[in-house]
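Working notes for the structure below.
Derivation of every value follows stated rules applied to the coordinates shown; laboratory data play no part. Just so we're clear, the structure is a prediction, and the values are computed from it rather than from any experiment. With ideal geometry, Cβ positions are generated from the backbone for all residues, glycine too; neighbour counts draw on all protein chains shown.
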Amino acid sequence: MKHLLLLTSLFYSLALQAQVTGISVETFYVSDGTIIPDGYTTYHVYANTTNSTDFVSAVYGDAENPLGITMDGNIYNSTPGFLYGSEINPNFFAAFPELEYDSWMTIGMLSAFDNGVLGNIGLDAAMADFTATGSFYIDDPIGGSWYNTIPCDPAVSPTCTDDYPQFGGADNKVLLAQITTDGSFTGVFNLQVFNDGNQAQNEYVNGLGFSNDPNAIFGCTDPNASNYDPNATNDDYSCVLPCTLDLVIENITTPTCSGDNDGSLEITATGAQGSDDYYLGEDDEQPSNFGNFNNLLAGTYYVMVEDGAGCQDSQYIEIPEVEEVNVTASLTQAMTCNNTNDAIIEAIGAGGDGNLQYYFAGQSPSTMTPNNVFTDLVAGNYTVIAVDGNGCTGSSVATQVSNPPAINVYVTATSDASCADIADGQIVVSAVGGAAPTTIQFEVDGNMYASSPINIYAGTFNVVAVDVNGCTGSSEDLVIGPDAIEVNASASPVACTDEANGSVAWAPTGGADGFTVMIGDSTLTGSSYNGLPVGFYTVEVEDANGCSASEIVEVLNADPIVATTEVENPLCNGDSDGVVTVSATGGAGSFQYSDDDNTYGDSGEFDNLSAGEYVFYVQDENGCEVGLTAVVEEPAELVITGIVNSTDVLWGEGFIDASVTGGTPDYYFDWTGPNVNGMSDQDLTNLVSGVYTLEVTDGNGCTAVEQFNVIFDNVVELVNLLEVSVYPNPSNGVFQINWDGAQGGDVLYNIVDAVGRQIESGVWNETASSFNTVIDLSSYDNGVYRLNVVSSGVPSSVALVKAN
């Protein structure tokens, strides 16, 4: 740590008489409870110098020279409190007097108004402990310190020692700390001092103990130590114990690649007394505070650790060598043919971390792949680069891929065949290149030939030379005569299904002029053969040289006409709104339709049809026709029947039980008649005399109408205590009226029809309790009428039914 503290000055370690004689503790303030809590005492800790010009530069601690304070009691700090004397502003004491008695560290400075610049390093954790508990301890290799840089030279400036409190001054004391506690404390400080203010006379004074207990004796208090002091009451961190130092290998990092110098060692130690220094190599004279050694090659290294008591432990450590990346490449498949670019190189790699990828030299490393087989290679030289997971590389020797020569075919002579289909023509050919000449074969029109000349039939050919690798070269097109005979036969189908009016035609070309044509045993002239039934025919043609050719053609049957009908029946019995739609498939071209085989039209729909059986005809463009039958059906006639009962019941209790047959369910009912207009029930009850009309509508909207007469023989009605009899009722128009219970006097009457129209009125003279008269309605239409009478102010009425 001391090496870090003196960055701004040049120091020399000299064999000097110590200029700091010790550390003293003086009482500064005893609390009476008015400013800070009662029971607390404020102490000042001083470094005692020999001369007034001695300058205290730093208070420090590290692994070799620990620094610490141990407190038995509570430490006092106000809020917010201060850690160092250079932070204190006395102007605040009037408002906050307790600030004057905080606990802090310093070198000479009681406040920010004192001269000097107090710095610190490595004390954050220690000061946090001190503020919380009053105790702290620093013994790590880096250490910590609070320090001042020397501001002036006393030999040059006579007032220097008076201006800066870091000098011993007139009282030969330099303030190091202010501690306020309600208990006791001890501490051990290590000081750096410039004797007489001369930086060249640098002195380290270590292990200075102090306490607010005047009877404290400092020394080694560990009985196991070789320097144990039985009189010591407080330990000064100077104990020298038996060696228990062990070197620990924490980590070995191998170099990334073979030959690299980025390996490292990390070593630590246990059981060290004081500092621990680490050495790499048996001749290492510059120890390290930490056992981290970098930038190492693979190999064996001597490492040693030494603690503050002179104990040592050492080992030889091996940094393993990383296996070198090696790669070999071989041509596993040469380029098969000229410019086929199908060569294959296989790489075999080893070493590194084993995770190898490959690419070709000259290409971007971004193309590297774990696949070690490279295909579809063109001619050239290839060097394979192998790369492991750490970026270590190795390269193969170059592998050459050669392009084989192209195969060239040379035709030296040809001769025609006698006939186009006789293989007695010749081609004389040779080939060079590829694997020629011993491994060349020739292919002509799909056939392989081992040697030349090649016997061939007539046609246009090219000769393909093929070597053992399947590489090819071809000649230009060769024409070997004569031209083949082309029969050019064709057939026309029969006009209608199964007729015998098909034909075969021919138009031969090629060969030698003067053709003879045969079909079966018949030798034919002209260019066609007509009147043929359906079937296959072989047309043979022979030219003037006796060369022949044949062709088979088929006279096809005409597609049969397949006709169908779709019938829409009339909705009602007796209607003529039926429709038959005729459609057809097959045949030739479009169709026309007829219902009499005489007049044809484009439409296959026939309407306004009544029930019955019909025959329709379909004709195609060839005049072929087919007939078919369709049946138009109608619903059964809608018939209404019913039972009327008015003979054995009283007036007003008649009924009609109606029945419906035929038509198409469901049925809907509509009645008209006395007291029933608009009723939709199928049957009626509680009827009086009259004519009742029922109209029935079925599900297709078809209707039927039926009338029912409800007649009561010798109708008698008791109306308002009058017994009225009508004879006959119904009648053909003449009614005999008789009633009993009359009161005498005039009787007013009128007669109204079924819709309430008055057709007759008058006055009858009633002279007795019984009365008879005749009403004649023969001039009126049949129907129900009502006779209304008023006798003695009492109204009465009776129904009159006129029927033929």
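What to note about this one:
- DSSP-defined beta bridges in the chain - what % are antiparallel, rounded to 5: 95
- q = 0.21, 0.28, 0.29 Å⁻¹: log10 I(q)/I(0) that the Debye formula gives for region 521-586, counting C-alpha atoms only: -0.98, -1.24, -1.27
- Linear extension gain, Ala379 paired with Asp283, 0.36 nm per residue minus alpha-carbon span: 28.7 nm
- For the pair Gln707 and Ser402 in one chain, pulling the backbone fully straight at 0.36 nm per residue adds 98.1 nm over the alpha carbon distance.
- Taking the convex hull of Cα positions in region 562-632, its mean projected area over all directions (nm²): 4.2
- For region 408-480, the average shadow cast by the Cα convex hull is 4.1 nm², which is a quarter of the hull's surface.
- Within the chain, helix-based [θ] at 222 nm, where runs of 4 or more DSSP H residues each add -39,500 (n - 2.57), nearest 500: -500 deg cm²/dmol
- Projected over every direction and averaged, the convex hull enclosing the alpha-carbon atoms of region 160-296 yields 14.6 nm².
- Debye, to nearest 20: dipole size of region 490-555, +1 on Lys, Arg Cβ, -1 on Asp, Glu Cβ: 100
- Considering only Ser550, Thr564, Ser610, and ranking their Cα positions along the charge dipole of region 487-630 that arises from unit charges at the beta-carbon of Lys, Arg, Asp and Glu, the one farthest toward the positive end is Ser550.
- Region 128-201 - Debye-derived log10 I(q)/I(0), Cα point model, q = 0.11, 0.23, 0.25 Å⁻¹: -0.42, -1.13, -1.23
- Taking 7 Å steps out from each Cα toward its Cβ at Asn738 and Asp162 produces label points 17.7 nm apart.
- Distance histogram for region 490-555 (every C-alpha pair counted, 5 angstrom bins, percent rounded to whole numbers): 4, 18, 29, 23, 13, 8, 4, 2, 0
- Close amide-amide hydrogen proximity is noted between Gln333 and Ile344, each under 5 Å apart and 5 or more residues distant or on a separate chain (H modeled in the peptide plane; Pro and chain starts excluded).
- Net charge dipole size for the chain [Lys, Arg +1 and Asp, Glu -1 on Cβ; Debye, nearest 20]: 1640
- Residue among Leu241, Leu175, Thr383 farthest towards the positive dipole end of the chain, charges placed on Cβ: Leu175
- Here, P(r) means the percent of Cα pairs in each 10 Å bin from 0 to the largest distance; for region 639-710 it is 21, 54, 21, 4.
- Range of Cα positions in region 2-235 per principal axis (Å), largest first: 50, 49, 30
- Residues Ile552 and Thr328, FRET efficiency given R0 of 51 Å [Cβ-Cβ distance, rounded to 0.05]: 0.15
- Stokes-Einstein D in µm²/s, Kirkwood radius over Cα pairs - region 170-220 at 10 °C with 1.306 mPa s viscosity: 120
- Spin-label pair Phe92/Val562, simplified geometry with 7 Å Cα→Cβ offset, distance in nm: 11.2
- Total charge dipole magnitude, region 639-710, about the Cα centre, Cβ charges on Lys, Arg, Asp, Glu only, Debye to nearest 20: 140
- Residue-wise HN-Hα coupling along region 230-236, computed from phi with Karplus coefficients 6.51, -1.76, 1.60 (Hz; x: Gly, Pro): x, 8, 6, 9, 9, 7, 10
- Low-density loop positions, chymotrypsin sites (Phe, Trp or Tyr not before Pro), region 191-270 - DSSP coil, at most 14 other Cβ in 10 Å: none
- Computing FRET efficiency as 1/(1 + (r/R0)^6) for Ser528 and Asn341, where r is the C-beta to C-beta distance and R0 is 56 Å, gives about 0.45.
- Computed label-point distance, nm, for sites Tyr410 and Val639 using a 7 Å Cα→Cβ extension: 11.2
- For region 326-401, dividing the convex hull volume of the Cα atoms by the residue count gives 73 Å³ per residue.
- Alpha carbon centroid spacing (whole Å) that separates region 31-73 from region 678-692: 134
- For a paramagnetic label modelled on Glu318 (point 7 Å from Cα along Cα→Cβ), amide N atoms under 18 Å away belong, within region 233-249, to 249.
- Each of Cys624, Ser503, Thr664 was placed along the dipole of the chain (beta-carbon charges, centred on the mean Cα), and the one lying farthest toward the positive end is Thr664.
- Per DSSP, loop chymotrypsin sites (Phe, Trp or Tyr not before Pro) in region 49-136 with at most 16 further Cβ within 10 Å: Phe93, Phe113
- From the C-alpha gyration tensor of the chain, square roots of 5λ in Å: 132, 81, 19
- Cα centroid separation - region 562-635 against region 133-189, whole Å: 131
- Square roots of five times the Cα gyration tensor eigenvalues for region 246-319, Å: 23, 11, 10
- Between helix 124-133 and the chain: long-axis angle, C-alpha atoms, 0 to 90°, nearest 10: 80
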